[in-house]
1. Counting only residues that are under 19 Å from the mean Cα position of the chain (by Cα) and open to solvent by less than 50 Å² (accessible area, probe 1.4 Å), which one in segment 25-35 is farthest from CYS309 (Cα to Cα)?
2. Among the residues of segment 243-256, how many are farther than 14 Å from PRO287 by Cα and open to solvent by 50 Å² or more (accessible area, probe 1.4 Å)?
3. Can you find a residue in segment 36-57 that is surrounded by 14 or more Cβ atoms within 10 Å (Cβ to Cβ), of a type in the set (Lys, Arg) and in contact with a helix residue (DSSP H, G or I) (Cβ under 9 Å, 6 or more places away or on another chain)?
4. Pairs please, first residue from segment 144-167 and farther than 12 Å from VAL208 by Cβ, second anywhere and open to solvent by less than 70 Å² (accessible area, probe 1.4 Å) and modelled with pLDDT under 90, Cβ atoms under 7 Å, 6+ apart in sequence or on different chains.
5. Restrict the check to segment 226-235 and report whether at least one residue is crowded, with 17+ Cβ neighbours inside 10 Å and within 21 Å of PHE64 (Cα to Cα).
6. Among (1) open to solvent by less than 20 Å² (accessible area, probe 1.4 Å); (2) modelled with pLDDT under 95; (3) out of contact with any Ser or Thr (no Cβ under 6 Å at 6 or more places or on another chain); (4) closer than 23 Å to GLY201 by Cβ, where does MET168 come up short?
7. What residue, of PHE259, PHE240, is modelled with pLDDT under 80 and open to solvent by 20 Å² or more (accessible area, probe 1.4 Å)?
Amino acid sequence: MLNPQNSSSHPVSFILLGIPGLENSQFWIAFPFCAMYVVAVVGNIILLHVIRTDHTLHEPMYLFLAMLAVSDLVLSSSTQPKMLAIFWFHAHEIEYHACLTQVFFIHTFSSVESGVLMAMALDRYVAICFPLRHSSILTTSVVIKLGAAVLMRGLLWVSPFCFMVSRMPFCPSHVIPQAYCEHMAVLKLVCADTRINRGYGLFVAFSVGGFDMIVIGISYMMILKAVLQLPSGEARLKAFGTCASHICVILALYIPALFTFLTHRFGHHVPRAVHVMFANVYLLVPPMLNPIIYGVRTKQIRDRVIQGCCGKEP
């Protein structure tokens, strides 16, 4: 149904199908999704609480980790409640402006997450290659400015998505064959030339994800070079250990993200259910894994959590 007062033929709402082809299984699929969402929310809140209350953790790595936790909370909470409502209560309808809001938050905080991971790679590079100058190079002020720059980049780069789509007419069909509103999925419902929108989407993808991956790659090449020059095998192992958590988080984000991005544009023969499942994994698994990976592998955080739960000194 169209809004009669809207000259751009904006729909009043869209219909989110969920996971096409798995409609009969969606009720049960929702349970592991809900469990992962609960772990993501609880884990990231605990992470933020530990970092906020323990002043010894007010260092660059942990401040970046706090930024990552905030991004994870926004990213997962912008999609999962509606997704669970679709799976359990068949609440397939989403209001037009709520859909655009979802597009905005998903893409903005995906960009923020990527930017924070890039900043964390730079932090590891400085810590390993310039250990004596680490605290003077990455001061609290510099960390805050990097975080603000990453957030502003996401806001400025993604806002045009919603503005351009809101100015375009939509086709009679308002069905989105997935469980949340994403830029390309919404764009496919537009009855107009979308080449500029698609071109801008590619520009944002390569200028954000491409740039961040290049910086991360260069940082880790320099780290690898520095680590291999260390005289002690134990020192090399310790240096690799400090980077292992970050590498796991990077892979958990970029692999499903790249699959989703490429499938939307070129994967016409990929089964839709596979595409949608990967799109869901991309927004849910990293927020769930990040607090687990860092909580388990980072001794300072692990000790504070154990101390808080058991009332014991670390």
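The values are calculated or read from the model by the stated rules, or taken from the named source; none is laboratory data. The structure presented is a predicted model; accordingly, all values stated were derived computationally and were not measured. Counting neighbours? That spans all protein chains shown, and the Cβs are built from the backbone with ideal geometry, glycine included. Only protein heavy atoms, including side chains, enter the accessible area calculation; ligands, DNA and RNA are left aside. Shrake-Rupley method; radii C 1.70, N 1.55, O 1.52, S 1.80 Å.
1. Once the filter is applied, the top-ranked residue is PHE33.
2. Matching residues across segment 243-256 total 2.
3. no
4. From residues that are farther than 12 Å from VAL208 by Cβ, the pairs are ARG167/SER8.
5. no
6. All conditions are met except number (1).
7. PHE240
Results for (1) surrounded by fewer than 18 Cβ atoms within 10 Å (Cβ to Cβ); (2) closer than 18 Å to ALA257 by Cα; (3) within 16 Å of the chain's Cα centre (by Cα), shown as yes or no for each residue.
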| residue | (1), (2), (3) |
| --- | --- |
| GLN178 | no, yes, no |
| HIS183 | no, yes, yes |
| VAL186 | no, yes, no |
| CYS191 | yes, no, no |
| ARG195 | yes, no, no |
| TYR200 | yes, yes, no |
| PHE203 | yes, yes, no |
| GLY210 | yes, yes, yes |
| VAL215 | yes, yes, no |
